[in-house]
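Okay, so here's the structure we're looking at.
Every number here is computed from the coordinates shown, using simple stated rules; none is lab data. Every value quoted in this text rests on a predicted model; they were computed, and no experiment measured them. Every residue, glycine as well, gets a Cβ built from its backbone with ideal geometry; the counts of neighbours run over all protein chains shown.
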Amino acid sequence: MECLKKGSFCIILKPDRPFCFARPHSGDSNRFESEDFIPGAAIRAALARNMKTGGKLEQYFHKLYIRHAFASPENNIGQIRPFVIPLSFVVDHNDEFRDACLQSKPGLLNGDAPTFLPDWKDKHYPQVFEFLQQQPPKQEQEKLERQVVVHTAIDSHSGRSLEKGLFTLETIEPDNYCWHSEVHFDDHDINESDKIEVLNELDSLFQQGLSALGKTNACATVSYAATTLTAKTFCEQWEVISETPDNTLVLILQTPALLLPDLEGLHSSNSDATLLEKYRQSWKVLSQDSLELSHFYAQQHLAGGSYMQKRFWADKDDYYPEILTNAGSVFVFHLKQDKLEIAQTQLKKWLKTGLPQHGDQHLGQHWETNPYIAANGYGEIRIRPKQWVEKQVKPGEWDDC
């Protein structure tokens with residue numbers, strides 16, 4: 001395929017059966033609820049199982065970045081990869097949505113409290129999907145459905161059912177949907193012949209399809225769509241950024257990111273100023289001091305549990321859960337005038353391969369100890385598109401509290 005030659009391309013997955021990539025759950029629960037996306041790590045694992053031993057792909061596998069595959073209706077004619085709804089989107093008293101990303105303080109929108117995403121109702125989503133050019137299902141039966149299946153654990157020695165071995169899988173039904181992911185191969189310091197060989201091996205694996213996905217061992221066919229962010233698109237976005245007052249830059253997380261490696265002094269409540277300072281320190285390091293964080297709209301969640309501890313951190317004496325910043329989180333920056341070139345270089349890299357790990361991150365940068373690396377699909381970002389300005393809260397509409 002022509003799109004593979006650039007090393008950055010979009011793949012479309014079509015699972016052959018209901019699948020389950022279980023969300024974190026308590027150790028005493030026998031119910032496994034699936035995420036509605038296919039993790040980048042699962043796609044990489046499917047490739048690793050079948051790639052040629054001693055081949056170029058195996059040699060450079062650490063340079064392969066695969067993003068989470070997001071669900072999209074099969075009637076998505078433009079094959080647009082879904083955009084995560086930003087947490088800065090709010091709904092006013094007329095049920096019209098607006099983007100409040102440039103508002104740095106809590107306030108009222110046209111005299112009323114705005115409704116943020118966690119409190120939205122079903123009626124609020126269609127207009128947002130339309131604005132994001134993401135076609136919602138046209139019919140009720142086309143909506144992403146979940147299916148509950150009951151299983152019995154089997155004793156590996158006797159072949160009989162285990163006592164108290166019942167468990168349930170809440171799976172995703174793939175009918176009427178496909179899943180869009182992006183693949184990026186970092187060809188820095190790799191000669192052209194090796195790059196071609198890597199991409200040929202990758203193409204061969206995708207042509208075979210992916211297997212053993214999730215708890216149901218689903219298989220998926222793979223097709224291509226050249227819809228990744230191009231250099232031209234980035235240049236257009238950068239031109240708009242450079243023309244804004246104070247060189248304002250708005251970044252939106254598409255997948256969770258490990259942005260808070262240092263939690264010292266961060267309490268569970270009343271830590272607004274501390275959290276802002278922690279994020280400022282984090283982005284300062286990641287951007288090589290080229291970005292100054294103004295404010296943010298973000299949520300966080302704890303990640304960990306007994307499985308993660310045994311799977312990734314069994315050799316550590318102490319165990320602590322990690323704090324991930326949620327997908328949809330919005331960060332607003334001012335670009336430093338004397339470091340615009342550095343900022344441009346960093347942004348181009350982040351858009352292609354995701355946010356890097358901090359150099360002193362205690363989990364390290366290898367998949368065996370850190371499941372949250374960019375190669376597995378974490379830390380994906382997008383720059384706010386220029387056409388979103390039409391939905392931006394206008395001067396005089398917002399009153400700071």
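Brief remarks follow.
- For the chain, the longest principal axis of the alpha carbon atoms and the long axis of helix 192-208 meet at an angle near 60°.
- Taken over segment 359-401, the convex hull of the Cα atoms encloses 165 Å³ per residue.
- Rounded to the nearest 10 degrees, the inclination of helix 40-50 to the longest alpha-carbon principal axis of the chain is 30 degrees.
- Debye log10 I(q)/I(0) at q = 0.29 Å⁻¹ for segment 3-67, Cα point scatterers: -1.35
- Reference-scaled alpha-carbon Rg (2.2 N^0.38 Å with N residues) for the chain: 1.03
- Seen against the Cα atoms of the chain and their longest principal axis, helix 231-243 is set at about 30 degrees.
- The alpha-carbon of K278 sits under 16 angstrom from the alpha-carbons of these aspartates and glutamates, leaving out residues fewer than 8 places away in its chain: D262, E264, D289, E292, E322, D360.
- Max mean-square fluctuation residue, GNM over the chain, Cα-Cα springs under 10 Å, options P371, P174, P321: P321
- Partners for K105 among aspartates and glutamates (Cα-Cα distance below 14 Å; same-chain residues under 8 apart left out): D272, E397, D399, D400
- Springs join every pair of Cα atoms under 10 Å in this Gaussian network model of the chain, and among R81, R31, R23 the largest mean-square fluctuation is at R23.
- Filter on K195/K215; K6/K52; K349/K386; K339/K386 - keep pairs with C-alpha separation over 27 Å: K195/K215
- Among F312, F19, F333: highest mean-square fluctuation, GNM of the chain, C-alpha pairs under 10 Å: F312
- Unit charges at the beta carbon, dipole of the chain: most positive-side option, F19, V198, H358: V198
- The chain, relative contact order in percent, only Cα pairs under 8 angstrom and at least six apart counted: 26
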